[in-house]
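Peer 1: Okay, handing you the structure first.
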Amino acid sequence: MRIKLFFICILSSISMHANMASPVNEGTFGTRPFISQYVNILHENLHITIDENFEYADFVVEYQIQAEKSGTQIPLLFYASSYYENFTVTIDGKEVTLARQEDFWNAYGAEKEKLTNFHYLYNADRKEVTEIENQFQYGRSERINLNDFLYFETDISEGNHTIKVTYKATNWRYKHNRLNEDSFLYALAPAKYWKSFGTLNITIDTSKVKDKVSINVGTPKTGEINGIATYEFSKLPVEVLQISRVPKLSGFAKFLMKIESFWFAIILISLLVLFHIWHMFQFRKKHPRRKFSTPAITGAIILPFIFTIVLIFASLWIDAAIGEPYASGRESYGAFFSFLYFPKYLLYYVVFSIVLDFTFKKIIKRSL
C-alpha cells in the first residue's frame, strides 16, 4: 500500500509539472470595428500613446466614413475585449451612448433587423462567428467573444461623417520562458471583410517608455520607433499590430541565460566534485585494500542532493540577474520540480563514484 501511495505521489507531481499555470497574462485586445454593409471607411487615423512602464496605452482611433443611406442604423459594431477603462465613442463630435450586445443571435433574423447589416460575421447556419480568428505566437489564437460587442444606434444622414473612439488598454504578457514578452495588440484583420479599404495612418508614441520597443509594421515613414513614429498604408500591413518591449539586460544576465541554470549549476558544483575526487584518491592511497571507500559512498549520496539544491538556486540567481519587470519567474517555478530528477542524478553519480574508486584502487595496487 505504501509503495502504491509513493508512486501516486510521484505521478501527481509529474502531472503538476506538465500542467503549469497559463503562460499568458491577457491584456486588452483592441480591434478595428465591423462595419455595416451601407458604410464605407474612407480613412482611419490610429494614435497609440504608451506610458513609461509599458503597462498602459491610450488609444485614439478616428474613422472617416461615408454612409450610403440615411436613417436610424448601426454604422459600426465594436469588439472591445477586456478594455481597461474609458471606452468612449463620438460621432461628428457628439458622444453617443453605447450598448452591449448581450444576445447576439436573437438580434438577427428577418423579424429582427438590428444586425442584418453585418451579415458577413455569420457562417452559413448562423451558429458561430468564424471570420476573425487572429493567430498569435506560440500557437494561441484570439476568437470573438460575443459578449464583448459594443454598438450604438444613431439617426445618421447620407454622406461623410467622423467617428472617434478612445479607450485605455492594458498590455499582454507572454511568460513562456525566462523573459516576459510584453506587448500591446490591435487587430487590423476586420478590414479584410470591409467593402472598401481607405488609407490608414498610424502614429505610435513611445517617447516616455524607458526601454527599447519593436513594432511589427516595419520602418516608420517619419520619426523613430523609440519616439514618435508615423506610418501610412493603403492596404492591410499585418493582421495584428504588435508593439513589443525589448528587455534591457546586463551582459552578466545574458551570459547566465546563454548557459542556462543546468550548466550554471554544473559549473558551481564542479569544485565540490573535484574536491570529492581528490578526497577519494587520498583515501585509496591510505587504504588501498579496503573493500568500500567511505568518501566515495558519502559523496555519491551528498553531492547529487547538493547539486539539486544548487540547480534551484542557480535558476533563482538567473532570474535575479535578469531583474524586474523582465524575469517571468516561470523557469524558477519549474526548478522546484528538480527533486523529481534526484534519483537520476543519484544513480549517475553513484555509478561515477564506484567506477572512479575502483580505478583508483586498481592504479594504487599496481604501484605498490
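Peer 1: Give the share of C-alpha pairs in each 10 angstrom bin for segment 214-343, from 0 to the last occupied bin, in whole percents, shortest bins first.
Peer 2: Values per bin, smallest distances first: 11, 25, 19, 17, 12, 7, 5, 3, 0.
Peer 1: Can you sort 274, 179, 268 from fewest to most other Cβ atoms within 10 Å of each residue's own Cβ?
Peer 2: 274, 268, 179
Peer 1: Pulled fully out, how much extra length does the chain show between residue 263 and residue 148, if you take 0.36 nm times their separation in residues and subtract their Cα-Cα distance?
Peer 2: 36.7 nm
Peer 1: Quick one: which of 210/254; 175/210; 212/235 span more than 22 angstrom between C-alpha atoms?
Peer 2: 212/235
Peer 1: A further question follows. Out of residues 5 or more away from residue 180 or on other chains, whose amide H comes under 5 Å of its own, with H placed 1.01 Å from N in the peptide plane?
Peer 2: HN-HN under 5 Å from residue 180: 327, 328.
Peer 1: Considering only the other residues whose Cβ falls under 12 Å of the Cβ of residue 75, what net charge follows from Lys and Arg at +1 and Asp and Glu at -1? Could you put the intermediate results ahead of the total?
Peer 2: Numbers: positive: 69; negative: 68, 92, 153, 155, 158.
Around residue 75, the surrounding residues sum to -4.
Peer 1: Report the residues of segment 159-196 in range of a label on residue 45: point 7 Å along Cα→C-beta, backbone N strictly under 12 Å from it.
Peer 2: So the set is 162-165.
Peer 1: If you stretched the chain out fully between residue 246 and residue 72, how much longer would it get, using 0.36 nm times the residue separation minus the C-alpha to C-alpha distance? Don't jump to the answer; show the numbers that get you there.
Peer 2: Working: separation 174, 0.36 × 174 = 62.64 nm, distance 4.70 nm.
Result: 57.9 nm gained on full extension.
Peer 1: Can you compute the FRET efficiency between residue 226 and residue 324 using 1/(1 + (r/R0)^6), with r the Cβ-Cβ distance and R0 = 22 Å? Round to the nearest 0.05.
Peer 2: Rounded to the nearest 0.05, the efficiency is 0.60.
Peer 1: What distance in nm lies between label points placed 7 Å from Cα along the C-beta direction at residue 157 and residue 313?
Peer 2: The modelled label-to-label distance comes out at 7.7 nm.
Peer 1: Calculate, in nm to one decimal, what residue 235 and residue 100 gain on full extension: separation in residues at 0.36 nm each, minus their alpha carbon distance.
Peer 2: 45.6 nm
Peer 1: Can you give me the long-range amide H partners of residue 293? Hydrogens built in the peptide plane at 1.01 Å from N, cutoff under 5 Å, separation of 5 or more residues or another chain.
Peer 2: So residue 293 has HN proximity to no qualifying residue.
Peer 1: If you wrap a convex hull around the Cα atoms of segment 180-221, how much volume per residue is inside, in Å³?
Peer 2: About 103 Å³ per residue, rounded to a whole number.
Peer 1: What's the exposure ranking of 151, 193, going from fewest to most Cβ atoms within 10 Å? Don't skip to the end; give the middle numbers.
Peer 2: On the way: 151 21, 193 14.
With the sparsest Cβ surroundings first, the list reads 193, 151.
Peer 1: Sorted from fewest to most neighbouring beta carbons within 10 Å, what does the list 319, 58 look like?
Peer 2: 58, 319
Peer 1: Between residue 86 and residue 26, what's the calculated FRET efficiency when r is the beta-carbon distance and R0 is 25 Å? Round to 0.05.
Peer 2: The computed FRET efficiency comes out at 0.85.
Peer 1: Net charge within 14 Å of residue 336 by Cβ-Cβ distance, Lys/Arg positive one each and Asp/Glu negative one each, not counting residue 336 itself?
Peer 2: Value of the local net charge: -1.
Coordinate-derived values only; no laboratory data. Bear in mind the structure is a predicted one, so any value in this text is a computation, not a measurement. Using ideal geometry, Cβ is built from the backbone for each residue, glycine included, and neighbour counts are taken over all protein chains shown.
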